[in-house]
Amino acid sequence: MVNSQCIEIPDGHKGYSLSNFCVPKHYEEDLENIMIPSGLIQDRIERLARDIFQDVKDEPLTALCVLKGGYRFCTDLLDKITTLNRSHGSVSVPVNVDFIRLKSYENDESTGEIHVVGGDNLSSLQGQNVLVVEDIIDTGRTMQKLLGILWKYNPKTIRVASLLVKRRTESTGYRPNFCGFEIPDKFVVGYALDYNEYFRDLNHICVINENGKHKYAV
Ligand code: 5GP
């Protein structure tokens with residue numbers, strides 16, 4: 001099992017101006033900048049799909065999509081793996097999908113607890129090669145707790161793919177097997193990552209501004 005390297009977005013990265021890309025009008029006042037444009041997200045996922053495909057080889061894979069934030073990453077990643085399945089004549093990875101729903105955040109603060117609030121019956125994971133598909137690893141606590149829960153169901157292997165990993169002084173040091181981008185310690189939204197359920201309908205990964213935090217606070 002491999003641990004792939006992230007693309008590192010440095011702390012000084014200013015992001016891209018909203019005026020250079022297409023952003024829904026209803027969010028124009030609520031974003032500081034675009035950290036990762038949607039095209040770059042897609043190109044990076046294409047490579048992650050290839051890395052996962054080569055790592056798993058011919059074994060069946062159960063993708064466990066962590067809702068809601070992971071749903072777009074999971075869809076795009078599985079699309080790209082199934083494209084590889086079609087084009088690699090001699091090798092293919094049978095894939096099925098399960099879903100789990102966790103909640104750990106309110107506004108932009110971690111509540112310090114994770115709750116499994118929905119999803120499939122995890123006993124189906126027994127004996128499976130599981131690929132957990134997550135949007136972002138911040139401190140790493142959520143993933144470590146989730147892995148503790150999942151191992152109780154006796155899967156054969158567990159791999160973790162996270163689109164983003166945040167550079168945090170409070171990090172537990174946890175690193176996923178597959179990671180898209182390592183990002184500065186800023187609260188990001190878009191590409192299914194939300195702030196109190198807003199911004200999932202934004203294609204780019206963006207930094208929320210104070211206006212956005214205030215407007216959509218609960
Ligand atoms: P951790 O337990 O690693 O500190 O937190 C992981 C969870 O916090 C993620 O699954 C996500 O739900 C949430 N989270 C952490 N940072 C961000 C962020 O910058 N943006 C959004 N939308 N969610 C975040």
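The values are calculated or read from the model by the stated rules, or taken from the named source; none is laboratory data. Only a predicted model underlies this, so the values are computations on that prediction, with no experimental measurement involved. Using ideal geometry, Cβ is built from the backbone for each residue, glycine included, and neighbour counts are taken over all protein chains shown. Side chains are part of the model used for accessible areas, which takes the heavy atoms of the whole protein and leaves out ligands, DNA and RNA. Shrake-Rupley method; radii C 1.70, N 1.55, O 1.52, S 1.80 Å.
Numerical summary
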| item | result |
| --- | --- |
| Rule-of-thumb Rg ratio for segment 34-104 [Cα; 2.2 N^0.38 Å; N residues] | 1.18 |
| Radius ratio Rg over Rh of segment 161-208, counting only Cα atoms, Kirkwood formula for Rh | 0.99 |
| Viscosity 0.692 mPa s, temperature 37 °C, Stokes-Einstein D of segment 1-77 from Kirkwood C-alpha radius, µm²/s | 216 µm²/s |
| Set of segment 54-75 residues, backbone N closer than 14 Å to the point 7 Å along the Cα-Cβ line of T83 | 75 |
| Rounded to 10°, Cα long-axis angle of helix 141-151 versus longest principal axis of the chain | 20 degrees |
| Listed pairs K57/K186; K166/K215; K14/K57; K57/K145; K14/K68; K103/K152 exceeding 30 Å between Cα atoms | K57/K186; K14/K57 |
| Amide hydrogen neighbours beyond the local backbone of Y191, cut-off 5 Å, H modeled | L202, N203, H204 |
| Cα→Cβ-extended label distance, 7 Å offset, between E46 and Y174, nm | 3.1 nm |
| Cα long-axis angle, helix 71-87 against the chain (0 to 90 degrees, to the nearest 10) | 40 degrees |
| Per-residue ³J(HN,Hα) for segment 166-180, Karplus 6.51 cos²θ - 1.76 cosθ + 1.60, θ = phi - 60°, Hz, x for Gly and Pro | 8, 7, 9, 5, 7, 5, 6, x, 5, 10, x, 5, 10, 9, x |
| For I137, residues with placed amide H under 5 Å, excluding near neighbours | L164, V165, K166 |
| Residue-normalised accessible area of segment 34-107, expressed per residue, 1.4 Å probe, Å² | 46 Å² |
| Exposed trypsin sites (Lys or Arg not before Pro) absent - longest run of the chain, DSSP non-H/G/I/E/B, at most 11 other C-beta within 10 Å | 58-151 |
| Student exercise, the chain dipole from Lys, Arg, Asp, Glu Cβ charges, in Debye to nearest 20 | 520 debye |
| Heavy-atom accessible area per residue - segment 157-218, 1.4 Å, Å² | 37 Å² |
| FRET efficiency for D201 and V97, using Cβ-Cβ distance with R0 set to 25 Å, rounded to 0.05 | 0.70 |
| At R0 = 35 Å, FRET efficiency that the Cβ-Cβ distance of N209 and S90 yields, to 0.05 | 0.10 |
| Share of carbon and sulfur in the accessible heavy-atom surface of the chain [1.4 Å probe, %] | 48 percent |
| Dimensionless Rg/Rh of segment 72-218 - Kirkwood Rh, Rg from C-alpha atoms | 0.98 |
| Helix-only [θ]222 nm of the chain, DSSP H runs n ≥ 4, -39500 (n - 2.57) each, per residue, nearest 500 | -7500 deg cm²/dmol |
